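The structure appears below as structure tokens.
Coordinate-derived values only; no laboratory data. Since we're looking at a predicted model, the values are computed, not measured. Please note: Cβ atoms are built from the backbone with ideal geometry, for glycine as well, and neighbour counts cover all protein chains shown.
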Amino acid sequence: MNAVEIFQFFQSKGCSRLDSPKTRKGPLPKRRKKEDMELALELMACIAAIDEGVFPSFNHVKFRFMSRKSKENNVAEYCWPSEKSRESYDVFVQGLEEEILNEMRSHRLILIDEEGAMDYSCDMTPEQYAIGVAVHEVRHRQQKRTKGFRMFSKKDLARADGQLKHFIRLTEILFKTRFKCFEEQGVSAIGRKLSPIEFDAQLIEFLVQDLIHRGTSPKALLELVRLQPPIEGLLINPFFTVDFSRVLG
Ligand SMILES: [Zn+2]
């Protein structure tokens, strides 16, 4: 399946979940651009479906459509329950279309072969970007909800192989670049934005986008979202079945 087919698959599955009376869904904010609202619904449906795939029997989570902008310029966020609110996925509706287009333009997928010899980058499609966002947020829930959950970190670079090694390195480079930019711009809470939790979620997002780019199934994608590094031994991405001639045409 390609990115559009996977996105449509998740979106159609998630829509029914958003409509379910059991789901506590906040009202859609009024006076928002139609395109933003539609995109917010599509993105949330995708999150709902991936969440259900990863947590089939643990789906008491709230889906909130926020009319305010995210404090951290995110299009979506996973929120751990607090005294004030329940556990939730939040999608920020205001200016969503523009935000997604901007993000997409600034993201390019960089691929490399098993020997790390070939570099290839391609533009991301909106569907691919949206699936990446959804996966990233569900990964955050998994980090919190799975007892003893093992996250990937830059320490894993030494025992990583092939494609996994490439993406750990890429995440590290991305975080170093972001750190510099945040410092220059005087951004607050840099530690939280570049925390181990974010590192792990970003790595999985990269791996998933890469997998989609090569053509994958929703099932393989969900397995990748659940992936934990083994306690010891080499790290090999079990999903690395690339035919580069196909990717490069
Ligand atoms: Zn995150």
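Cross-linked pairs K71/K154; K33/K84; K13/K147; K84/K165: Cα-Cα separations exceed 32 Å for K84/K165.
Modelled spin-label separation between S188 and R214, with each label point placed 7 Å from Cα along the Cα-to-Cβ direction: 4.3 nm. Between R226 and E35, the C-beta separation translates, for a Förster distance of 41 Å, into a calculated FRET efficiency of about 0.80. Our compactness index for segment 126-197, the C-alpha radius of gyration over the empirical 2.2 N^0.38 Å, is 1.26.
A cut-off of 5 Å between modelled amide H atoms, ignoring neighbours fewer than 5 places along the same chain, links K33 with G95.
Taking 0.36 nm per residue of separation and subtracting the Cα-Cα distance, full extension of the segment from E87 to S70 would add 4.5 nm.
Note on N59 and D19: their simple-model spin labels are 1.4 nm apart, each label 7 Å out from Cα toward Cβ.
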